[in-house]
Amino acid sequence: MNPGLSLSVQYASEADVLPGRAQIRRWVAAALERAAVITVRLVDADEARALNRNFRGKTYVPNVLTFEYGEISPGMLGGDVVICAPVVEREAREQGKTLQHHYAHMTVHGVLHLQGYDHVDPVDAGIMETREAVILKRFRIPSPYTS
């Protein structure tokens, strides 16, 4: 399946190592199940914390936030995926993953949320995690849910 994709990648982070636009596009496209207009924004902790506080009422710095805008035109989904570079770097280090693999996971995770996938309920979490693992495998990235 090759849905239409309009993608904007925004760099708003001081991190030394960030994935390139072409790589982000590949990850987004692999996770996309329908046509979409998506912005992926890579940010630092202050912006991620402010967005999490202002839109979710949470005070911590998240690794990824997804803002779903629903169907913005017939058959076209819209939304933003915000990835916090310092958190992704820390988590990759703590989990013994490459930084590139963790960025891939957070991008795929965010795009799946944008399409309605969730992980609050254990059954839904299993569906989402399986979908993530299948997508990441295309990039030869091990499942983030197995050791």
Compute, for the chain, the length of the dipole vector about the Cα centre, with Cβ point charges of +1 (Lys, Arg) and -1 (Asp, Glu) only. Units Debye, rounded to 20. 380 debye
Sorting check: for 128-137, 39-48, which peptide has the highest mean count of neighbouring beta carbons within 10 Å, and how do the rest follow? 39-48, 128-137
Among the DSSP H helices of the chain, those whose Cα atoms extend at least 20 Å along the helix axis and whose mean Kyte-Doolittle hydropathy is -0.5 or higher are 99-114, 122-137
Would you mind computing the Rg to Rh ratio of region 1-67 from its alpha-carbon coordinates, Kirkwood style for Rh? 1.01
Amide proton proximity set for M76, modelled H, under 5 Å, gap of 5+: none
Quick check on packing: order 80-86, 60-66 by the mean number of other C-beta atoms within 10 Å, highest mean leading. 80-86, 60-66
Three semi-axes of the equivalent ellipsoid, the chain, Cα gyration tensor, whole Å, largest first: 21, 19, 16
If r is the Cβ-Cβ distance from S73 to A12 and R0 is 25 Å, what FRET efficiency results, to the nearest 0.05? 0.40
If I take every Cα pair under 8 Å that is 6 or more residues apart in the chain, average their sequence separation and divide by the length, what percent do I get for the relative contact order? 22 percent
What FRET efficiency do you get for Q95 and L5 if R0 is 30 Å and r is their Cβ-Cβ distance, rounded to the nearest 0.05? 0.55
With both bridge residues required to lie in the chain, what share of the DSSP beta bridges run antiparallel, to the nearest 5%? 35 percent
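Every number here is computed from the coordinates shown, using simple stated rules; none is lab data. Since this is a predicted model, take the numbers as computed values, not measurements. Every residue, glycine as well, gets a Cβ built from its backbone with ideal geometry; the counts of neighbours run over all protein chains shown.
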